[in-house]
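The values are calculated or read from the model by the stated rules, or taken from the named source; none is laboratory data. Keep in mind the model is a prediction, meaning the values are calculated, not measured. Positions of Cβ are backbone-derived with ideal geometry, glycine not excepted, and every protein chain shown enters the neighbour counts.
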Amino acid sequence: MKDDFSIKGEVISALETIKDPATDTSIVDSHLVENVVVKAGVVDLTLVVDAKGNREDRFALEDAIADAVEAIAGVSEVKIKSMTAQALAQEQKGQTPTAPRPNASPAKTPAAAQQQPRQPTMPASEALEGVGRVIAVASGKGGVGKSTVAVNLALALQKLGHRVGLLDVDIYGPSLPTLLGINGRPEVNNRRILPLKANGLSVMSLGFLMEEDTPVIWRGPIVTGIIRQFLRDVDWSGIDYLIVDMPPGTGDAQLALAQTVPVDGAVIVTTPSDLALVDAARGLQMFKTLNIAVLGIVANMSKFVCPATGEVYHIFGDPAVVEKEARRLETVMLGDIPLDMAVRKGGDEGRPVVVADPDGAVTAAFIALAEKVAAATPVGAASEQPEKKKGLFSFLKS
Ligand code: ADP
């Protein structure tokens with residue numbers, strides 16, 4: 001096995017081939033890369049960025065560095081920390097950098113960020129332009145209804161008057177095209193990918209880019225690249241909530257999301273079965289490690305109400321178990337969604353239950369969930385934004 005010292009030599013040589021777009025000299029010669037450290041195959045480095053520089057150039061540079069270093073045999077991981085020269089100098093003097101993030105969501109003032117520092121090894125994530133809040137919908141394992149909850153939560157947030165985007169990065173089986181009954185190739189305008197529209201939501205899914213029936217086997221760096229691109233290159237502007245449907249489990253996707261944008265909260269979906277709960281607890285722990293606030297756990301398929309007799313059955317287990325587990329994990333049970341054939345039928349037919357059955361009990365449960373999510377992650381001016389909230393003849397008064 002190669003030792004760290006020789007890996008470091010190769011890393012420097014690889015970095016020397018990458019040019020600083022501003023000066024056209026190597027990023028090593030122009031001192032844009034600092035603090036290259038290799039430990040057990042993990043490469044840490046600092047990229048010095050210009051606070052006023054072009055974001056796209058910076059992202060391209062980060063990607064080029066990650067690609068070049070990841071290609072070196074013996075490198076298991078690359079961690080790029082992007083910071084301004086001033087912040088780097090402060091850090092070297094032993095002070096914490098306090099650079100404010102442009103477009104940071106309201107709750108994340110520089111002061112708040114200082115109280116809750118992100119992990120020191122985490123590359124600097126940057127707020128998405130024009131997006132209020134980013135919410136990850138995750139689960140410990142597949143088949144618990146994560147995508148169903150993501151779609152209906154997005155629609156319920158929209159019902160509350162918010163503008164909502166939905167991003168599907170479930171690499172194992174992107175299901176949003178089916179759940180929403182849409183497909184097609186997204187258009188590109190001005191180097192930005194335009195999300196498709198479905199039921200008022202702005203939607204982007206891996207499924208739009210894949211041929212049907214293609215077996216999907218993607219390695220870590222590719223997953224990371226796709227997630228970065230879907231967040232940075234898609235035009236999400238003008239959105240209050242971006243709901244991200246994550247792949248199940250704990251892995252590269254979660255890390256890539258956390259490294260790319262500040263995530264305002266994670267919602268963990270589970271069924272009340274013991275096994276699913278164990279996986280949910282693992283997922284929750286991972287978000288905590290990534291410094292992402294867990295908003296709570298949703299118990300999906302928590303009960304079945306027999307339409308004929310009104311009797312309640314707990315097919316997958318009692319939701320009280322989820323509540324207890326949530327307490328043990330120092331979080332809350334955010335929602336409780338019944339098992340209902342209308343949910344499954346709506347998913348199969350591309351008409352989510354919140355749209356297909358707006359007055360039903362399941363829709364009410366999704367709206368209650370959306371209210372809790374919105375209360376935990378309020379967006380500044382959301383209530384003033386939607387046109388439909390204005391009176392029909394309000395233009396006469398202005
Ligand atoms: P995941 O994203 O966790 O893999 P899905 O959202 O694809 O799970 O759901 C798996 C299956 O369970 C789908 O057929 C879906 O329609 C069904 N389902 C999910 N939630 C419910 C529910 N509350 N009631 C009935 N069926 C549901």
**Request:** Within the stretch 333-349, identify whether any single residue is crowded, with 16+ Cβ neighbours inside 10 Å, more than 10 Å from the ligand (Cβ to nearest atom) and under 17 Å from V278 (Cβ atoms), and answer yes or no.
**Result:** yes
**Request:** Identify the residue in the stretch 62-76 that is buried (at least 16 other Cβ atoms within 10 Å of the Cβ) and in contact with a strand residue (DSSP E or B) (Cβ under 7 Å, 6 or more places away or on another chain) and, among all such residues, is modelled with the lowest pLDDT.
**Result:** E62
**Request:** Looking only at the stretch 221-231, count how many residues are touching a Ser or Thr at 6+ places or on another chain (Cβ under 8 Å) and surrounded by fewer than 20 Cβ atoms within 10 Å (Cβ to Cβ).
**Result:** 1
**Message:** Of the conditions (1) under 18 Å from A154 (Cβ atoms); (2) surrounded by fewer than 17 Cβ atoms within 10 Å (Cβ to Cβ); (3) within 13 Å of the ligand (Cβ to nearest atom), A365 satisfies every one except a single condition; which number is it?
**Reply:** (2)
**Item:** Given (1) more than 11 Å from the ligand (Cβ to nearest atom); (2) surrounded by fewer than 23 Cβ atoms within 10 Å (Cβ to Cβ); (3) modelled with pLDDT under 90, number of the condition E330 does not satisfy
**Value:** (3)
**Asked** Among the residues of the stretch 252-276 satisfying the criterion of being surrounded by 22 or more Cβ atoms within 10 Å (Cβ to Cβ) and over 19 Å from the mean Cα position of the chain (by Cα), which is farthest from V373 (Cα to Cα)?
**Response** A276
**Item:** Criterion (more than 24 Å from D357 (Cβ to Cβ) and near the ligand (Cβ under 10 Å from one of its atoms)) met by exactly one of G173, G145, G184
**Value:** G173
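Give the stretch 1-23 a look and list any residue that's closer than 20 Å to R55 by Cβ and not hydrophobic (A, V, I, L, M, F, W, C), or say none.
K19, D20, P21, T23
Scanning for something of a type in the set (D, E), in a strand (DSSP E or B) and in contact (Cβ under 8 Å) with a residue 12 or more places away in the chain, does the stretch 53-70 turn up at least one residue?
no
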**Message:** I want to confirm something. Restricting to the stretch 150-167 and keeping residues that are under 24 Å from S302 (Cα atoms) and crowded, with 24+ Cβ neighbours inside 10 Å, which single residue is farthest from the ligand (Cβ to nearest atom)?
**Reply:** L157
**Asked** Do we find that A14 is of a type in the set (A, V, I, L, M), out of contact with any Asp or Glu (no Cβ under 6 Å at 6 or more places or on another chain), part of a loop (DSSP other than H, G, I, E, B) and assigned by TED's automatic domain parsing to the domain that holds E70 in this structure?
**Response** no
